[in-house]
Every structure is written in C-alpha cells, then in structure tokens.
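Here's the structure, in structure tokens; my notes come after.
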Amino acid sequence: MQQGHLGPQPDSHGSVWRRIGAFFLNPRNLYLLGLLAVLGLTFSEVAHGRHRNFMIFAESTRLFWNHIAPYGDNWSQLAPHLDYYLYGPLFNVLFAPFAYLPAWLGPFAWNVFNFTLWFLAIFTLPGRFTRQEKCKSFLFTFLILACTQLSFQYNVTVACMFLFAYSLLERDKAFWAVLLIMISGFTKIYGFFQLAMLLFYPHFWRNAGYALLIAVVLATAPAVAMPFSGLPSYYGEWFGALMSHKDTRTWMNVFYLRPLNLLPYRTYVQAGVLALLAVGVLVNRRKWQAPFFRIASLAVLMGYVILFSNSSEGHTYVISLIGYQLWYWTMHRAGALTRADRLLYWAIFIVVVVMPVDILCPPAVMRIFYGIQLNLWLLVAMWLRICYTAFIRTPERLAGPAQAA
C-alpha cells in the first residue's frame, strides 16, 4: 500500500537557493572567494608577463628615486617598451614598497592590497547601508573589479579613497577624510573634486584649513628624492604629460559619443558642466543636511570624473559604478525607484559589467554593443537620472535630514 503524505513537505529547491543566497550574502565568504580569484588572475598574468601596468608603476617609481622624471622624453627613452605614465610624483613615493619587492611578489602584493581596500571600503560604509546592500554592491561590481585588477590598475584605489573619505566625513572624522581626498588628488587628480563635499558637513573652514595644510605637506613630499628647487619643473612635466596624452586614442567618455561630436569643445564642456553642478549644489543649500543629497552628490562626482575625464577607459568605470550603487540602494530602501531605474540598473550590469568578460560574452557580441556605444549611453543616462534626483526633484521621503539612519 502506498504511504500517503503526512503534511506539507519542505521545498528542497527553495531551501537550496536560500542557502546559496545566504552564502553569497556573507562578507567573510565574499572576501575569501574574491581573494582566491584575485590570486588566480594575478598568477595568470604574471606567469605570462602581462602585468604591464605594474611594470609601468614600478619602473616610474625607480626612475623617480633615481632623480629622473618619468614623463615625456625621459620616459620614451628609458622605457620605450611601456605605455606612458600619468600619475603624480606622490604616487611614486607611496608605491615604493611595492616597486622594490621581488619582481614576482610585487604584483601579488599590489593586487591583494587593492582588493582588500575595496572590500573594506564597501563594508565600512555608514550603518544606513545594510549588510545585504553592501554584499550586493560588492557582487555587482566584482566582475569589473576583477577586470581592473587583471590590468593592475590604480582605479580601484581611487574609488576606495572616494568611499573611505565619504564614510569618514559621515562619522565626523574630517581630518582623515581630507587626507585621503588630497592623496587621491595628488596622485590622479580625480580626488580633488570631492573637496566640494566639505560644504555639506560641519566645521567647513576648519576642514578647508586641513586641506590647505595637507596640500602643502603632500606637494612637498616628493622632495625626499630631489631638491625643493626641482619640484616646480617636476610638477610641470607631470601636467604636461596629462595634457599631451589625451589625443592619443579614442577614449570611453562623453567627448567621443556619436553623434554629439563634443571633442573640439572638451574644455568648455568640462568647465560648463562643473559650473552647472556647482549651481545645483548652491541652489539646494537646504538639502545639504539630508543624507540622500550627500550620497547623490557623491555619485554625481564619481560619475563626473569618469564621464568627463580626458582619458577614461572601461576599467575606470569601477569608480562611477560604486557611486551609483550607493544612490540605487538609498532609492530602493525608500521605495523611490521607478521601473525605468531598475531597467537601467540591470542594463548597466549586463552591458558594462558582464559583457567585457570574454568567458561570459563572446567578443563578437560585445563589439556590436560597444560599437553603438551602448555602455556609454547607459552610464550617461544613469548619471543624468542621479543629477535629476539630487538637484531638481528629490523624492519627498528622501529630501530631509530625518532620513538619516
């Protein structure tokens, strides 16, 4: 005789998916899995001699400590096999511990350092972001993070400094926040834009004083390897390198968007958009105390430094994407997302994050979507949407300081 069911049976499939979900929403598991992936990717690149960006950083650092500016003719003569170097002299001071490690160990130390910073930057965000939101932000950005680390880029560190500085400002630790902002700016310029956010926090003039004092210290720090009298010409060579490289290839920013043809007006567009953002901030003075306004402004800045940069590449999108994540989860928590917001969010994940990974998307398919610049159009659309919610029409439930915790 067939035995009948004694009552409701557990949903085995649902239970499996819940366990999988719980596994990937555990920060420790994410760090260990990510670390294994980073070590594997680094080993693959180093074993095949493809860690060229690390070679650039290391060679430029050795030139710096030998009193040679790694720019212009010096660089083309002494490192003709490597792409140009564009970072400030402070970068070479800070990169020295990695540059002088054994050749096989330096790349591993650099990538593990950056991966760990990324993990900490996300999981030390203010408490208004839940553990689940932080885990999902880490997962959303992990593929583009892996691609960035595959190239041994500095963009991960820059994104981390944006996040750490925001978290420190929210916790009223302004000195350390300003220090990180200034380090970012003196190494890759981008960080300087975050100084504008000091307006949103108490003790503005004190914090501006911190910025001035720290700027003096960091600007003169490269004198550890040269006379003070040599600093002006050294910085001049750096600025010259920044200005001369921008026309060397087609970059992934708004100036190359078809059919806009903004390239001939690049400087005017950069300054004009920045001026409009400044007006938006000043007009919305009453929102400065609202946590959402600070989050949206951070996302706008992180998007601006990439979309309106002279030389953005696909790897640099990691900076803007993590800023977009903070905006998205804040909107999501308040029930303020529209259907279009959700569609845009997942379209960016597919086109910007997933498609560049060859093992997940055939290169032929990727070339079709990138040929029509869909990745850029999606990022621009998301950036404009964030600007709209920050400066023009903020959802009511997010407009005031009461939303703080």
Quiz item: Any idea which of (1) more than 24 Å from C147 (Cβ to Cβ); (2) part of a helix (DSSP H, G or I); (3) not charged (D, E, K, R) is the one Q289 doesn't satisfy?
Solution: (2)
Quiz item: In this structure, does I319 turn out to be crowded, with 19+ Cβ neighbours inside 10 Å and assigned to a helix (DSSP H, G or I)?
Solution: yes
Quiz prompt | Of residues in region 382-405 being surrounded by fewer than 16 Cβ atoms within 10 Å (Cβ to Cβ) and in a helix (DSSP H, G or I), the one modelled with the lowest pLDDT | solution = A402
Self-check item: Residue among P222, P227 that is farther than 24 Å from V283 by Cα and surrounded by fewer than 20 Cβ atoms within 10 Å (Cβ to Cβ)
Solution: P227
Quiz item: Quick check: anything in region 148-165 over 21 Å from Y304 (Cβ atoms), surrounded by fewer than 23 Cβ atoms within 10 Å (Cβ to Cβ) and within 17 Å of the chain's Cα centre (by Cα)?
Solution: yes
Exercise. Scan region 351-366 for residues that are in a helix (DSSP H, G or I) and either farther than 19 Å from G323 by Cβ or touching a Lys or Arg at 6+ places or on another chain (Cβ under 9 Å) (or both) and report the count.
Key: 5
Exercise. Quick one: in region 150-176, of everything that is in contact with a helix residue (DSSP H, G or I) (Cβ under 8 Å, 6 or more places away or on another chain) and free of Cβ contacts under 8 Å to residues at least 24 places away in the same chain, which residue is farthest from S297 (Cα to Cα)?
Key: W176
Exercise. Among the residues of region 253-302, write down those that are among the basic types (K, R) and within 28 Å of M331 (Cβ to Cβ).
Key: R285, R286, K287, R294
Quiz item: Which members of region 364-405 meet the condition of being of a type outside the set (A, V, I, L, M, F, W, C) and over 25 Å from the mean Cα position of the chain (by Cα)?
Solution: R393, P395, E396, R397, G400, P401, Q403
Self-check item: Scan of region 342-366 for residues that are more than 24 Å from F119 (Cβ to Cβ), modelled with pLDDT of 95 or more and surrounded by 17 or more Cβ atoms within 10 Å (Cβ to Cβ), ordered by number
Solution: L344
Self-check item: Pair list, Cβ < 8 Å and 6+ apart or interchain, from region 301-323 residues that are charged (D, E, K, R) to residues that are assigned to a loop (DSSP other than H, G, I, E, B) and surrounded by fewer than 24 Cβ atoms within 10 Å (Cβ to Cβ)
Solution: E313/W251; E313/M252
Quiz prompt | Unique match (being touching a residue at least 12 places away in the same chain (Cβ under 8 Å), closer than 20 Å to G185 by Cα and surrounded by 15 or more Cβ atoms within 10 Å (Cβ to Cβ)) among V93, V46, V38 | solution = V93
Self-check item: Unmet requirement for T124, which otherwise passes all of (1) buried (at least 17 other Cβ atoms within 10 Å of the Cβ); (2) modelled with pLDDT of 95 or more; (3) in contact with a helix residue (DSSP H, G or I) (Cβ under 6 Å, 6 or more places away or on another chain)
Solution: (1)
Quiz item: Since F192 meets every condition but one in (1) buried (at least 17 other Cβ atoms within 10 Å of the Cβ); (2) within 19 Å of the chain's Cα centre (by Cα); (3) modelled with pLDDT under 95; (4) not acidic (D, E), which condition does it not meet?
Solution: (1)
Exercise. Mind listing just one residue for me: the one in region 238-295 that is of a type in the set (V, I, T) and modelled with pLDDT of 90 or more and, of those, nearest to Q325 (Cα to Cα)?
Key: I295
Self-check item: Matching residues, region 60-90, being charged (D, E, K, R) and touching a helix residue (DSSP H, G or I) at 6+ places or on another chain (Cβ under 8 Å)
Solution: R62, D83
Exercise. Determine whether V283 is closer than 30 Å to F204 by Cα and touching a Leu at 6+ places or on another chain (Cβ under 6 Å).
Key: no
Quiz item: So, of the residues in region 367-376 that are part of a helix (DSSP H, G or I) and aliphatic (A, V, I, L, M), which turns out to be surrounded by the most Cβ atoms within 10 Å (Cβ to Cβ)?
Solution: L376
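The values are calculated or read from the model by the stated rules, or taken from the named source; none is laboratory data. Here the structure is a predicted model, which is why all the values come from computation and not from measurement. Glycine also receives a Cβ, built like all others from the backbone with ideal geometry; neighbour counts cover every protein chain displayed.
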